[in-house]
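The values are calculated or read from the model by the stated rules, or taken from the named source; none is laboratory data. This is a predicted model, so every value here is computed, not measured. Note: ideal-geometry Cβ built from the backbone for every residue, glycine included; neighbour counts use all protein chains shown. To get the accessible areas, we keep the full protein, side chains included, count just its heavy atoms, and leave off ligands, DNA and RNA. Shrake-Rupley method; radii C 1.70, N 1.55, O 1.52, S 1.80 Å.
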Amino acid sequence: MSPEVRVIWHIVGWAFFSIVALVLETSFFSRLQLWGAMPDLMLIAVVFTGLFRGPLYASSLGFIFGLLEDLFMGRLIGVNALSKMLIGYLAGMGKGHVFKENPFVPLIAVFSMTIANELAIWVLTQLAGTASQINSGFFLMVVPVAVYNSILGLAAYAVIYRWVGEK
Amino acid sequence: MARFNLPRVAIVFVILTVFGIATMRFTGLDRSQLSQVEMILRELVAPFQSAMTFVIDKVSSPYKAIVKWEEIARQNEELTARVEKLEFENNRLQEYRLQNFRLKKLLDFKELKEDEYNLTAARVIGRDPSNWYHTITLDVGETDGIRKNMVVINYEGLIGRVIKVTENTAEVLTLFDRASAVGALIQETRVPGVVEPAAGKKGYLQMVHLSHDVGVMKGQHVVTSGLGAYFPKGIRIGIVSEVTLDPSGLVKKAIIRPYVDFNRLEEVLVINDVT
């Protein structure tokens with residue numbers, strides 16, 4: 001596969017994934033909540049992409065995914081774009097430093113990056129001057145999301161590994 | 001992976017960050033309208049959401065019922081109990097509505113007759129256990145000023161007269177009792193007679209002692225004549241439904257359908273005094 005075709009293939013694949021993730025998050029996982037939490041599929045994808053493809057690729061993807069989410073939700077546009085961009089960058093820094101075959105890697109990466117993502121959102125909303133409710137019961141809200149993301153992340157790890165992993 | 005120039009990337013990141021924070025500031029919850037891009041994205045995703053929801057509903061509903069059978073059973077019990085309670089309440093309210101309707105008519109009547117009679121309202125609390133056509137028991141008695149032989153009416157017409165009084169109850173002999181006889185007259189022709197229970201015609205009264213040559217016709221109205229010891233003049237009794245000639249050919253008999261529905265007596269008025 002030529003590099004150009006590979007790039008196009010990636011763009012189409014991610015575009016498809018983003019729509020599927022949006023649909024699943026809003027209509028499927030909204031009914032399949034875990035302790036009142038819904039998973040963030042795009043975040044999982046960004047974290048794994050960071051581990052496999054590095055900070056530039058993952059932060060770009062994170063920005064686009066986040067922006068899509070923001071546009072879909074229609075409020076505080078930019079908050080998810082920036083937070084996911086940051087997460088992509090942070091996760092990308094792990095590239096080459098972690099043993100990707102270790103099953104604890106996706107678990108720990110997704111869990112910690114979910115917490116980081118939520119913290120970033122909180123900071124950004126403060127910067128934007130928006131009164132945020134994230135303060136109240138922050139960890140009660142974040143930990144279930146992190147656990148849910150980790151469980152799904154573990155299941156999706158193999159797929160992401162195959163999709164974006166360097167061969 | 002291709003190497004990238006760090007300062008250039010850093011500049012892009014900074015620009016994106018500034019851009020992001022700026023858009024966040026302008027896209028708070030108080031925005032009145034979505035942008036074109038947001039609307040397009042929502043419109044794009046909506047059919048998929050709808051399809052996904054449809055599929056989930058179809059697939060999950062049977063399983064949901066199984067998984068939640070205990071909750072559903074409990075809900076069912078609760079709802080059944082609630083339905084029963086509401087039915088009971090509904091029935092009670094319906095009763096109140098009907099009672100309100102009857103009392104209003106009674107009140108109107110009372111107000112209408114205020115100039116003629118002093119009236120005491122009473123509720124029917126009992127009927128003769130052997131045959132309730134004959135006597136009824138009211139919830140008023142001596143303490144309410146009720147005395148023997150007082151006349152009992154409602155907004156429809158004459159009911160009877162009090163025959164026994166206790167401190168708090170009064171027994172009323174209705175027009176259907178064999179012992180009842182009321183001096184009456186045909187309202188249109190002023191022909192007098194006596195009204196008593198119709199022999200062999202349940203639910204009807206008869207006006208007897210009518211001369212064979214008097215003008216009594218079906219549809220005429222019968223009121224009390226005021227002759228006799230108990231009943232004041234002019235109280236409605238019933239309407240003539242049939243006129244028959246006695247086999248002897250000397251007297252007529254008028255069958256009267258009473259205005260009062262004796263099967264549904266609930267509230268009545270006792271005439272204390274004729275003013």
Close pairs (6 angstrom Cβ cut-off, 6 or more residues apart or separate chains): buried (at least 21 other Cβ atoms within 10 Å of the Cβ) in segment A:46-59, polar (S, T, N, Q) anywhere
A:Ala58/A:Thr49
Please go through segment B:160-175 and give me each residue that is open to solvent by less than 20 Å² (accessible area, probe 1.4 Å) and out of contact with any Leu (no Cβ under 7 Å at 6 or more places or on another chain), ordered by number.
B:Val162, B:Leu173, B:Thr174
Report yes if some residue within segment A:72-91 is crowded, with 21+ Cβ neighbours inside 10 Å and away from every other protein chain (no Cβ under 14 Å); otherwise report no.
yes
Could you grab the pairs with beta carbons closer than 7 Å, sequence gap of 6+ or different chains, first residue in segment B:49-75 and more than 23 Å from A:Met73 (Cβ to Cβ), second one at pLDDT below 80 and in a helix (DSSP H, G or I)?
B:Ile72/B:Ala65
Filter result (open to solvent by 100 Å² or more (accessible area, probe 1.4 Å) and either acidic (Asp, Glu) or farther than 29 Å from B:Glu267 by Cβ (or both)) within segment B:79-101
B:Arg82, B:Glu84, B:Glu87
Selection from segment B:230-275 of residues that are in a loop (DSSP other than H, G, I, E, B) and within 29 Å of B:Asp108 (Cβ to Cβ):
B:Tyr230, B:Phe231, B:Pro232, B:Lys233, B:Gly234, B:Ile235, B:Tyr259, B:Val260, B:Asp261, B:Leu265, B:Glu266, B:Thr275
Selection count where residues are within 21 Å of B:Ile15 (Cβ to Cβ), in a helix (DSSP H, G or I) and touching a Lys or Arg at 6+ places or on another chain (Cβ under 9 Å), scope segment A:51-87:
12
Output the residues belonging to segment A:17-35 that are of a type in the set (Phe, Trp, Tyr) and either within 11 Å of chain B (Cβ to nearest Cβ) or not in a helix (DSSP H, G or I) (or both).
A:Phe28, A:Phe29, A:Trp35
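B:Arg123 - would you say it is under 26 Å from B:Ile239 (Cα atoms), open to solvent by 20 Å² or more (accessible area, probe 1.4 Å) and at pLDDT 90 or above? Quick ask: steps written out before the conclusion?
Details: under 26 Å from B:Ile239 (Cα atoms): yes; open to solvent by 20 Å² or more (accessible area, probe 1.4 Å): yes; at pLDDT 90 or above: no.
So B:Arg123 fails the test.
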Kindly provide the set of residues from segment B:176-191 that are of a type outside the set (Val, Ile, Thr) and crowded, with 17+ Cβ neighbours inside 10 Å, ordered by number.
B:Phe176, B:Asp177, B:Ser180, B:Gly183, B:Ala184, B:Leu185
When you check B:Arg74 against the structure, is it charged (D, E, K, R), open to solvent by 80 Å² or more (accessible area, probe 1.4 Å) and at the interface with chain A (Cβ under 9 Å from one of its Cβ atoms), yes or no?
no
Out of (1) surrounded by 21 or more Cβ atoms within 10 Å (Cβ to Cβ); (2) away from chain B (no Cβ under 12 Å); (3) of a type outside the set (Asp, Glu), the one A:Phe99 does not meet is (1)
